[in-house]
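Before any comments, here is the structure.
Derivation of every value follows stated rules applied to the coordinates shown; laboratory data play no part. The structure displayed is predicted, hence computed values, not measured ones. When we count neighbours, we look across all protein chains shown, and the Cβ atoms used for this are built from the backbone with ideal geometry, even at glycine.
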Amino acid sequence: MNFLHLRVEEHINHLATFTSTPGHGVTRLVYSEEDRQAKSYIKQEMRKLGLDVEEDEIGNIMGIWHGKNPELPQVWTGSHVDAPLHGGKYDGVVGVIGGLEAIRILKERGVQPKCDVVLAVFSSEEPTRFGVGCLGSRALTGMIREEDLDRWCDDHGQSLRQVLESNGKQPEKVLRQQINPAKVKQFIELHIEQGDVLENKGIPIGIVDRIAAPSEIQLTIWGEQRHAGSTPMDLRKDPMPAAAEVILLVERLNTSGISSSSVGTVGKLHVTPGASNVIPGMVELTVDIRDVDKAKKDELIMELEKSVNDICERRDLSWKWKINGNDSPAVMDVETLHVIKQCAKELNYPYLLMPSGAYHDAMILSRKVPSNMIFVPSQDGISHAPEEFTSTFYIVKGIELLALTLQKITA
Ligand SMILES: [Zn+2]
């Protein structure tokens, strides 16, 4: 155990105390009291390290380590500190405290970067509160429109605009505070893998080459609400068996070979009225489909929509189909990917080139800024759960690799 190990554990355990569900994992909804506490802890750590701290109108925090020539395009690193319901201690946090410690390592080694190195904490990476992920990086890349401020609401019906205003922010400015690609030359995000590929292969480092993009589809199927006892089977218009067919279809389409890399999930099902003795009048479900291959993903979604139409027509039901997000998969920057590989070799860390099944701020940022990701293993592949765990041993390797990479690309 050295100081770096101890500091990493201290940061992670301290941040984990900012949760609205103590004893049941980390729950840190964006713009909640816990989120503010976590962000203020990071700001304080940034200042201790001598970084200039700024916060923008959507709540992104930037800690700036000034380089020798502030005119040169900056290099960014970082991730997020918001957490889903009953999540873990590591998702996002590893990239934020990892960036902090990577900068500390470089400072202690007497490194003076040519350009600014910016540690970014992106607001609301998790879609938990507003149903849309990566709000902070979306704002920076111009992917939030005026109407989204009113359209995106939380469970209490409060719009993004209202929540920002009650946090003392100016929502209108969110639309104008975009990143200037001429001023940022690179973004590198350190993150836990959230899957079990690295662990199964016994490899400490993943270097991401592509990020799969999710499409979230909201499907509503309407039938006729009737008495479960007195309505004969042949007179029913029951949306539930149709929903069951759709759920099985999602599984089948994603294992049928249309795409070798797609995954599909029905994670939410809402039955109305939801009583054991009533044939439902309406069933709502979400379908989450992800793939690193956009063409294959689109083909799959088209196939699914066609089949939903067939199922509902056969059962005489009406339906509505709404695609909420249809982001494009991201390809990571080839040049920096090569530098990261070289640095891993220099440090003697075995690595694996791999796609990311989960999306991250790097996926959004990559539209404007060349972006890359470094993964460290997740124990048993578990994430978004209280059991989420990555050993400090691996996190420190990720930080050392990030530090050396930052050093090389800012030299
Ligand atoms: Zn994350």
- What share of the DSSP beta bridges in the chain is antiparallel, in percent to the nearest 5? 65
- Query: Hey, in the GNM for the chain with a 10 angstrom Cα cutoff, which one of 388, 108, 165 fluctuates hardest?
  - Reply: 108
- In Å and whole numbers, how far do the C-alpha atoms of the range 18-141 stretch along each principal axis, longest first? 44, 30, 18
- Between residue 53 and residues 5 or more places away or on another chain, the pairs with built amide H atoms under 5 Å apart involve 64
- Query: How high is the relative contact order of the chain, in percent, counting Cα pairs under 8 Å that sit 6 or more residues apart?
  - Reply: 22
- Give a residue-ordered list of calculated ³J(HN,Hα) values for the range 274-289 (Karplus: 6.51 cos²θ - 1.76 cosθ + 1.60, θ = phi - 60°; whole Hz; x for Gly, Pro). x, 10, 5, 10, 10, 6, x, x, 8, 10, 10, 9, 10, 10, 10, 10
- Item | DSSP-assigned coil residues among trypsin sites (Lys or Arg not before Pro) in the range 144-210, each with at most 12 further Cβ atoms within 10 Å | 145, 176
- In order through the range 297-303: 3J(HN,Hα) via Karplus (6.51 cos²θ - 1.76 cosθ + 1.60), integer Hz, x for Gly, Pro: 5, 4, 5, 4, 5, 4, 4
- Item | Ranking of 163, 174 by count of other Cβ atoms within 10 Å, fewest first | 163, 174
- Note on the structure: In Å³ per residue, the alpha-carbon convex hull of the range 203-296 encloses 134
- Task: For a footprinting-style exposure proxy, rank 339, 8, 369 by other Cβ within 10 Å, fewest first.
- Result: 339, 8, 369
- Would you mind giving the average projected area, over all directions, of the Cα convex hull of the chain in nm² with one decimal? 21.2
- Note on the structure: GNM of the chain, Cα pairs under 10 angstrom: of 17, 141, 272, the biggest fluctuation goes to 272
- Note on the structure: Toy charge model, Lys and Arg Cβ at +1, Asp and Glu Cβ at -1: the range 214-326 dipole around Cα centroid in debye, rounded to 20, equals 180
- Filtered hits (aspartates and glutamates, Cα-Cα < 17 Å from residue 114, offset >= 8 within chain) -> 52, 71
- Considering every Cα-Cα pair within the range 107-155, what fraction, in whole percent, is farther apart than 18 Å? 45
- Task: Compute the separation of the alpha-carbon centres of the range 80-151 and the range 335-354 and state it in Å as a whole number.
- Result: 23
- Message: Could you check the spin-label model distance between residue 112 and residue 320? Points 7 Å from the Cα along Cα→Cβ, value in nm.
- Response: 6.2
- Message: Give me a comma-separated list of calculated 3J(HN,Hα) values for the range 198-206, in order, Karplus coefficients 6.51, -1.76, 1.60 applied at θ = phi - 60°, integers in Hz, x for any Gly or Pro.
- Response: 5, 4, 5, 8, x, 10, x, 10, x
- Message: Amide H of residue 325 versus every other amide H placed in the peptide plane: which residues, excluding those fewer than 5 positions away on the same chain, fall under 5 Å?
- Response: 216
- Query: Can you give the % of DSSP beta bridges in the range 1-139 that are antiparallel, to the nearest 5?
  - Reply: 65
- With springs only between Cα atoms under 10 Å apart, run a GNM on the chain and tell me which of 378, 391, 328 wobbles the most. 391
